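Contents: one structure, followed by commentary.
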Amino acid sequence: MRRLLLALVPCLTLICAVAEAQTPSGPISGSAPELKPLVMEAGTWDADITFPAQKPGAEPTRAKGVQVNSLRSNGMWMLNEFSVDGTPYQGTGLWGWDSATKSYVGTWGDNNENRMRMDKGVWDEATQTMTWTSEMVQADGQHIPLRFTEAFKGDTRVFDMNAVHPRTGALIPLVHIEFHRRKG
């Protein structure tokens with residue numbers, strides 16, 4: 001046993017040195033300016049969800065849900081877990097600041113599709129708004145451009161997901177969500 005421990009010491013020292021060398025320099029855990037939107041999104045949020053009417057003259061569909069957002073990896077990444085009350089819907093996302101590409105990147109998967117969506121985001125400090133772009137790949141292989149906006153207003157976040165018409169560029173509303181941060 002002692003030989004095994006003595007053999008492991010150099011390996012553990014090397015692992016610690018490599019991990020230390022890969023730790024980003026500068027502030028982390030939300031103090032870096034790039035991490036501000038992650039810190040703002042952390043917490044548990046109750047969701048008021050509105051889906052646009054599918055036919056002219058019809059009423060929109062409404063639902064309630066919950067999103068639990070947890071800072072991970074020393075505050076550098078956000079884990080989103082979203083569910084809609086009374087439905088089997090569950091979605092999971094992971095996003096954060098990619099220091100190599102100098103952009104926000106994210107992934108999203110849910111039980112509506114058997115595909116992982118890849119997103120790219122831009123933060124507007126002046127308006128406190130994150131704008132994401134992505135593509136949804138349909139079962140027939142067609143790519144539908146998507147645009148999401150998420151406006152932060154204190155303990156409220158307003159999220160809009162739109163498809164982008166491929167010829168006109170017009171935004172086609174898919175869902176509107178008002179998130180309200182739970183207290184405590």
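Brief remarks on what is shown
- Within region 105-129, tally of residues that are part of a strand (DSSP E or B) and charged (D, E, K, R): 5
- Scope region 157-173; condition of a type outside the set (Val, Ile, Thr) and within 17 Å of the chain's Cα centre (by Cα); matching residues: Arg157, Phe159, Asp160, Met161, Asn162
- For region 74-91, a residue qualifies if it is under 15 Å from the mean Cα position of the chain (by Cα) and of a type outside the set (A, V, I, L, M), and the qualifying residues are Gly75, Trp77, Asn80, Glu81, Phe82, Ser83, Gln90, Gly91.
- Single condition Asp124 does not satisfy, out of (1) more than 24 Å from Lys183 (Cα to Cα); (2) within 11 Å of the chain's Cα centre (by Cα); (3) of a type in the set (Asp, Glu): (2)
- Scanning region 42-94 for residues being without any contact (Cβ under 8 Å) to a residue 60 or more places away in the chain and outside any strand (DSSP E or B) gives a total of 18.
Bear in mind these aren't lab numbers, they're just calculated from the coordinates by the rules spelled out. Model, not experiment: these values are computed from the prediction. Glycine also receives a Cβ, built like all others from the backbone with ideal geometry; neighbour counts cover every protein chain displayed.
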